[in-house]
Amino acid sequence: MFLLDKIKDAKIIFVVGGPGSGKGTQCEKVVAKYGYTHLSSGDLLRAEVASGSERGKTLQAIMQKGELVPLDTVLDMIKDAMIAKADVSKGFLIDGYPREVKQGEEFEKKIGAPSLLLYIDAKPETMVKRLVKRGETSGRADDNEETIKKRLDLYYKATEPVIAFYSGRGIVRKIDSELPVDEVFTHVAKAIDDLK
Ligand SMILES: Nc1ncnc2c1ncn2[C@@H]1O[C@H](COP(=O)(O)OP(=O)(O)O)[C@@H](O)[C@H]1O
Ligand SMILES: Nc1ncnc2c1ncn2[C@H]1C[C@H](O)[C@@H](COP(=O)(O)OP(=O)(O)O)O1
Ligand SMILES: [Mg+2]
């Protein structure tokens, strides 16, 4: 069996939401409860930056400005990471991807279709507040007020259309991420349970 055929048996969940909306926080809890594989595009890119490679240096410059890295780079990283887990994973949480409709289309051509899109929704004021706070300890080059504003703008411009695109398919579950973490998770878990 080809590796990509194995991935076809696993559930694919896109986790989409603005910067600081709580995607990573909820994904961690899904991993703990369901044992799904969590792949954050941002984490994969930051790992490449941390490796000190030439490619990492180019990526770092883009991310520091709050811009999107080239589609092929991030899709290849996600695909490789999925293949590495294909044997053991019954489900994949794809966190931070797609960031634009084109990314979703390419993912489906190369990997497969999502069964669910978790739309982690918080108000812009809430996201800014959380990111400024996260910036006190995250060490992330993009958790500063100037870059946060650019990331938010780009989210509304490029990423929100992704939600409309998948709404047409009936796979979007909107999650109110203004609530306390555990309450948000109750709704996330319900969306996943409804998949079965
Ligand atoms: N429901 C919530 N209520 C309060 N704070 C939250 C909530 N969800 C996440 N946070 C905090 O907000 C910040 C951003 O969350 P994170 O999961 O890193 O977001 P994302 O991955 O979407 O950028 C973190 O510091 C996290 O602890
Ligand atoms: N799917 C994707 N396409 C292009 N660039 C991406 C990407 N996912 C992440 N990046 C780059 C640009 C983002 O500003 C940066 C950080 O991403 P992230 O960790 O998902 O941040 P956040 O969820 O806090 O916005 O990495
Ligand atoms: Mg994150």
Only one of M63, M82, M127 that is of a type in the set (A, V, I, L, M), under 17 Å from the mean Cα position of the chain (by Cα) and over 28 Å from A189 (Cβ atoms): M63
Exclusive hit being farther than 29 Å from D72 by Cα and without any contact (Cβ under 8 Å) to a residue 12 or more places away in the chain, set K123, K196: K196
Index of the failed condition, K109 passing every other in (1) without any contact (Cβ under 8 Å) to a residue 24 or more places away in the chain; (2) within 18 Å of Q64 (Cα to Cα); (3) more than 14 Å from ligand 1 (Cβ to nearest atom): (2)
Close pairs (6 angstrom Cβ cut-off, 6 or more residues apart or separate chains): touching a residue at least 60 places away in the same chain (Cβ under 8 Å) in segment 52-74, not polar (S, T, N, Q) anywhere: Q60/V49; M63/D142; Q64/A141; G66/D142; G66/K150; G66/R151; L68/R99
Residue check, L68 more than 18 Å from S138 (Cβ to Cβ), within 16 Å of ligand 3 (Cβ to nearest atom) and open to solvent by less than 30 Å² (accessible area, probe 1.4 Å): no
Every residue from segment 81-135 that is of a type in the set (D, E) and part of a strand (DSSP E or B): D95, D121
Residues (more than 19 Å from G42 (Cβ to Cβ), open to solvent by 20 Å² or more (accessible area, probe 1.4 Å) and not aliphatic (A, V, I, L, M)) located in segment 140-171: P161, F165, S167, G168, R169, G170
Residue in segment 33-43 that is of a type in the set (A, V, I, L, M), open to solvent by less than 60 Å² (accessible area, probe 1.4 Å), within 16 Å of ligand 1 (Cβ to nearest atom) and closer than 19 Å to E108 by Cα present: yes
Candidates S40, S89, S21 - the one that is hydroxyl-bearing (S, T, Y), in contact (Cβ under 8 Å) with a residue 40 or more places away in the chain and over 30 Å from R130 (Cα atoms): S89
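The values are calculated or read from the model by the stated rules, or taken from the named source; none is laboratory data. No experiment lies behind these values; they were computed from the predicted model shown. FYI the Cβ positions are ideal-geometry reconstructions off the backbone, even for glycines, and counts take in every protein chain you see. Keep in mind that these areas ignore ligands, DNA and RNA; they rest on the heavy atoms of the full protein, side chains included. Shrake-Rupley method; radii C 1.70, N 1.55, O 1.52, S 1.80 Å.
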